[in-house]
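The values are calculated or read from the model by the stated rules, or taken from the named source; none is laboratory data. A quick note: this is a predicted structure, and the numbers were derived from the prediction, not measured. For neighbour counting, all protein chains shown are included, and Cβ atoms are generated from backbone atoms with ideal geometry for every residue, glycine included. To get the accessible areas, we keep the full protein, side chains included, count just its heavy atoms, and leave off ligands, DNA and RNA. Shrake-Rupley method; radii C 1.70, N 1.55, O 1.52, S 1.80 Å.
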Amino acid sequence: MDRSTESNPEEASIAPFVHIRGGGVSVVADTSGGVPAIIHWGRDLGDIELASVADALALPVPFGALDMVAPLTIVPCHGDGFAGPPGIKVHRNDGTSWAPRFTAMSVRHPDSTTLVATAADVVAELELTTTVGLDRHGALTVSSTLRNTGEGELWVDALDLALPVSRDAAEIVSFGGRWGLEFQSSRREWSGGSSISETLLGRTSHESPPLVMVGTSGFGEWSGEVWMAHLAWSGNHRVGAVRLPDGRRYLTGGDLLHPGEVCLAAGESFTTPPLIGSFSPNGIGTASRRYHRLVRSMAHRAENPRLRPVSLNTWEAVYFDHDGGKLRSLADRAAAVGVERFILDDGWFGARRNDQAGLGDWTVSPDAHPDGLDPLIQHVTGLGMSFGIWVEPEMINEDSDLFRAHPDWTLETPGYPSVRGRGQLVLDLARPEAFDHVLTQLDALLEDHEVEYVKWDHNRPLVQGSDASSRAGARRQTLALYGLIDELRARHPGVEFETCSGGGGRIDLGILGRTERVWVSDCNDALDRQVIQRGTSLLLPPEVMGCHIGPPTAHTTGRTHPLSFRAATAMFGHLGIEWNLLDCSDRELDDLASVVELHKRHRELLHTGDVVRFDPSDDAGMAGGVYSADRSEALVSYARMSSGASLTPPPLRLPGLDADALYRVTHVAFPSETWGMASSHPAWPAAGITLSGAQLSGHGLQLPTLLPERAFVIHLLAG
Ligand code: DGJ
């Protein structure tokens, strides 16, 4: 790190310009105003004279505006004359302190890639500490803590963070979705204005994943400058891209607070969730892989890197029909096809014979499992598989012992009719007694049974959720959720957790700091999954993404696909099965076993390599895969999403391999795979072909004609 003044890194000093570098990225911040203003976030600048950056980028003061240009600080302040939406919105009971302006107090460098700047407003009696960190892979993380240094209460309405991007960012990709169709992207020109996505549904949400991406005109997977921002937070949020009237642009994100949700007493503080930025000088892929490296380096994952076990989840196989004999037979068939983890989904506890009862009572149902869970668990482990179990701890049904004993423990606003979702209410986890109840029951569940995996679900949005003080309780609920998982993890370090929220309603790096896997979507339709997984893969590496082979006809869409397409789609994640194997013919079971075997053969590459996606080269294809870090091996899929204007797909071009290496390219055949109609197909799939990396990138490889909704997978090995 360069500094414009010489000082000991640990020393509290005021160094106006700070340069931090990592992973080919430079961040230059001006701390002279107290709240750091990032004046460059982009390509590595090398060793530079820091003042020259500020001189080079100093803005003119135009007519028709204030006599100075307000800095674009990480927390933009209206009091500074900032023309965009303020990052900080606070006030006191008498309406004062509403337009803070900060001055610098101290700048610290706890290590060479971290900057901690503290600023104060002595009039409004506030202190704001902002942390900027660049990891060695180039991911930029910022967060701020606001402290009330006055005597009176301080109401916090917003504390949003800003990451400035180049004015060359000309296009925005925003993300949306719904249940069963998560991580859908839409791109538009960014000629002016802002693009903000918000959710107040109390969870990360299917509708507004907290991710935004901008880039230079026409940016793609391998070209253009790209900036992404993700809010690592599992509650209400606001994320977007803002263009100021003077042309400056930034990405923004923060916890979206309900009115009156945060009030700081004297000395109390509020900390934002981390906003994590990722820049790339050469397309989306590099930016996306910085997030993957960050996820892979999270302590619980890095310290315990295990091969992801092929899983079977019982939900779509049996739903609420927890017949012991059926479950044991399902386990027999699962083990026979190569499954390594058997997960008992919803329906094992309390009065949970359907989805209208039982939530809140996390004890084994004597109706569903008269002899307890142990006989099933022993059967499963006896077959060589580990056992996982489903829970939904943040919820409560009125038809439950918990509700009958404590009807007041719900997260609702008194005086209004209850708002139910899937017939259930939300349990106020921020209430210590409710937290303790769930902790005690789940702790006992994990203590008393040989459970290695917990699928943690959350099936309804939070609406009108008031806590015990009748104030909005969504933020406290999210923090209590984090606290609950953290405590369970501390007590049961061997247990892995999956985040699920009706599929992918809670996918973010906040929850991923305490879970091993996400359930990407309740949709197992391979066609939709191709798109959902491509979107999710912007943020997550494959081994974290739960991807299951469903039955031939998808339960959520009614569409039918052959196993070859379903398997080639699920293959590129943490593989699982969501299919009633008791319905399968011997042939289907054999085919499934060979697919599981295929996945195991390639999973080390799939689960440690670099995710690559290719820009569409026709109107019907979607291609991507995984390259090993040293580029000696790759697995790539081309999916034909529709019939397409041309029967012949274009040659598949694979940028980013080792140009000089010779690759043996082979077709990875899936059981019962069929291609499209043609008088003749390319000859190479029969025996393989050897091509250089330069050829694969330069002219590519012709694939056979494919029917719509089919995939073709190739394996590459450098000789
Ligand atoms: C929603 C999840 O996404 C499903 O996989 C399943 O666990 C159900 N909830 C169970 O109620």
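So which residues in region 487-501 are near the ligand (Cβ under 10 Å from one of its atoms) and closer than 13 Å to ARG301 by Cα, if there are any at all? Listed by number, the list holds a single entry, GLU498.
Kindly evaluate VAL262 against the criterion of being of a type in the set (Val, Ile, Thr) and within 24 Å of ARG506 (Cβ to Cβ). Judged against the criteria, VAL262 is a match.
One residue stands out among those in region 529-572 that are closer than 18 Å to GLU316 by Cα and among the basic types (Lys, Arg): the one that is most open to solvent (accessible area, probe 1.4 Å), which is ARG559. Checked against the criterion of being crowded, with 21+ Cβ neighbours inside 10 Å and either in contact with a Pro (Cβ under 8 Å, 6 or more places away or on another chain) or basic (Lys, Arg) (or both), region 263-277 has no qualifying residue. Going residue by residue through region 456-467, is there one that turns out to be surrounded by 15 or more Cβ atoms within 10 Å (Cβ to Cβ) and of a type in the set (Gly, Ala, Ser)? Checked region 456-467: at least one residue is surrounded by 15 or more Cβ atoms within 10 Å (Cβ to Cβ) and of a type in the set (Gly, Ala, Ser).
Residue by residue, here is whether (1) under 16 Å from VAL18 (Cα atoms); (2) crowded, with 16+ Cβ neighbours inside 10 Å; (3) in the same structural domain as VAL242 (by TED's automatic domain parsing); (4) in contact with a Cys (Cβ under 6 Å, 6 or more places away or on another chain) holds:
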{"residue": "GLY34", "(1), (2), (3), (4)": "yes, yes, yes, no"}
{"residue": "ALA37", "(1), (2), (3), (4)": "yes, yes, yes, no"}
{"residue": "THR73", "(1), (2), (3), (4)": "yes, yes, yes, no"}
{"residue": "GLY84", "(1), (2), (3), (4)": "no, yes, yes, no"}
{"residue": "SER112", "(1), (2), (3), (4)": "yes, no, yes, no"}
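Taking into account only those residues within region 338-367 that are of a type in the set (A, V, I, L, M, F, W, C) and farther than 21 Å from SER311 by Cβ, which is farthest from the ligand (Cβ to nearest atom)? Per the criteria, the residue is VAL364.
Hey, can you tell me all the residues within region 297-331 that are of a type outside the set (A, V, I, L, M), in contact (Cβ under 8 Å) with a residue 60 or more places away in the chain, open to solvent by 10 Å² or more (accessible area, probe 1.4 Å) and within 12 Å of the ligand (Cβ to nearest atom)? Scanning region 297-331 gives TRP315, GLU316. Applying the set (1) closer than 17 Å to LEU481 by Cα; (2) within 16 Å of the ligand (Cβ to nearest atom); (3) in contact (Cβ under 8 Å) with a residue 60 or more places away in the chain to GLN441 leaves exactly one unmet item: (2). Being touching a helix residue (DSSP H, G or I) at 6+ places or on another chain (Cβ under 9 Å) and either farther than 30 Å from GLY558 by Cα or acidic (Asp, Glu) (or both) holds for only one residue in GLY215, GLY193, and it is GLY215.
Given the residues ALA629, ALA694, ALA645, ALA634, which is the only one that is surrounded by 18 or more Cβ atoms within 10 Å (Cβ to Cβ), of a type in the set (Gly, Ala, Ser) and on the phi < 0 side of the Ramachandran plot? Show your work before the answer.
Working: ALA629 fails: surrounded by 18 or more Cβ atoms within 10 Å (Cβ to Cβ); ALA694 fails: surrounded by 18 or more Cβ atoms within 10 Å (Cβ to Cβ); ALA645 fails: surrounded by 18 or more Cβ atoms within 10 Å (Cβ to Cβ).
Going through ALA629, ALA694, ALA645, ALA634 in turn, just one is surrounded by 18 or more Cβ atoms within 10 Å (Cβ to Cβ), of a type in the set (Gly, Ala, Ser) and on the phi < 0 side of the Ramachandran plot: ALA634.
Scan region 502-526 for residues that are under 19 Å from MET298 (Cα atoms) and either open to solvent by 10 Å² or more (accessible area, probe 1.4 Å) or assigned to a loop (DSSP other than H, G, I, E, B) (or both) and the total you get is 9. Under the condition of being assigned to a loop (DSSP other than H, G, I, E, B) and either closer than 30 Å to ASP246 by Cβ or open to solvent by less than 10 Å² (accessible area, probe 1.4 Å) (or both), the residues counted in region 151-167 number 3.
Considering region 462-501, and only residues there that are among the charged types (D, E, K, R) and outside any strand (DSSP E or B), the residue that is farthest from SER521 (Cα to Cα) turns out to be ARG471. Within region 537-568, the only residue that satisfies the criterion of being away from the ligand (no atom under 16 Å from the Cβ), among the hydroxyl-bearing types (Ser, Thr, Tyr) and more than 23 Å from LEU330 (Cα to Cα) is SER537.
If you take the residues in region 574-589 that are of a type in the set (Asp, Glu) and either within 16 Å of the ligand (Cβ to nearest atom) or buried (at least 18 other Cβ atoms within 10 Å of the Cβ) (or both), which one is nearest to the chain's Cα centre (by Cα)?
Initial filter on region 574-589 (of a type in the set (Asp, Glu)): 578, 583, 586, 588.
This time we only want the ones that are either within 16 Å of the ligand (Cβ to nearest atom) or buried (at least 18 other Cβ atoms within 10 Å of the Cβ) (or both), so: 578, 588.
Values: GLU578: 22, GLU588: 33 Å.
Checking each candidate, the answer is GLU578.
Any idea which of ALA170, ALA120, ALA124 is surrounded by fewer than 22 Cβ atoms within 10 Å (Cβ to Cβ) and out of contact with any strand residue (DSSP E or B) (no Cβ under 6 Å at 6 or more places or on another chain)? So the residue among ALA170, ALA120, ALA124 that is surrounded by fewer than 22 Cβ atoms within 10 Å (Cβ to Cβ) and out of contact with any strand residue (DSSP E or B) (no Cβ under 6 Å at 6 or more places or on another chain) is ALA170.
Going by what's in this entry, would THR560 be described as β-branched (Val, Ile, Thr), over 30 Å from ASN304 (Cβ atoms) and free of Cβ contacts under 8 Å to residues at least 40 places away in the same chain?
Details: β-branched (Val, Ile, Thr): yes; over 30 Å from ASN304 (Cβ atoms): yes; free of Cβ contacts under 8 Å to residues at least 40 places away in the same chain: yes.
Against the criterion (β-branched (Val, Ile, Thr), over 30 Å from ASN304 (Cβ atoms) and free of Cβ contacts under 8 Å to residues at least 40 places away in the same chain), THR560 qualifies.
Within region 453-476, residues that are within 16 Å of the ligand (Cβ to nearest atom) have Cβ atoms under 8 Å from residues that are assigned to a loop (DSSP other than H, G, I, E, B) and open to solvent by 20 Å² or more (accessible area, probe 1.4 Å) in these pairs: ASN459/ARG422; ARG460/ARG420; ARG460/ARG422; PRO461/LEU201, counting only partners at least 6 apart in sequence or on another chain.
Apart from one condition, ASP428 fits all of (1) buried (at least 22 other Cβ atoms within 10 Å of the Cβ); (2) charged (D, E, K, R); (3) within 21 Å of the chain's Cα centre (by Cα); the exception is (3). Answer yes if at least one residue in region 81-99 is over 29 Å from MET228 (Cβ atoms) and in contact with a helix residue (DSSP H, G or I) (Cβ under 6 Å, 6 or more places away or on another chain), and no otherwise. The answer is yes, given that some residue of region 81-99 is over 29 Å from MET228 (Cβ atoms) and in contact with a helix residue (DSSP H, G or I) (Cβ under 6 Å, 6 or more places away or on another chain).
Report whether or not SER469 is out of contact with any Leu (no Cβ under 9 Å at 6 or more places or on another chain) and of a type in the set (Ser, Thr, Tyr). So SER469 fits the description; yes.
Of all residues in region 38-51, which are closer than 12 Å to LEU72 by Cα and free of Cβ contacts under 8 Å to residues at least 60 places away in the same chain? Can you show your working first?
In the first step, residues of region 38-51 are kept if they are closer than 12 Å to LEU72 by Cα; the result is 38-40.
Within region 38-51, just HIS40 meets the criteria.
When each of ASP428, ASP467, ASP436 is tested for being within 28 Å of GLY260 (Cα to Cα) and at pLDDT below 95, the lone residue that passes is ASP467.
Put simply, of LEU201, LEU211, LEU181 the only residue that is closer than 27 Å to ASP30 by Cα and at pLDDT 95 or above is LEU211. On the basis of being in contact with a Gly (Cβ under 9 Å, 6 or more places away or on another chain) and free of Cβ contacts under 8 Å to residues at least 24 places away in the same chain, does PRO407 make the cut? No.
The residue list ARG534, ARG529 contains one member that is within 15 Å of the ligand (Cβ to nearest atom), among the basic types (Lys, Arg), in a helix (DSSP H, G or I) and not assigned by TED's automatic domain parsing to the domain that holds ALA711, which is ARG529.
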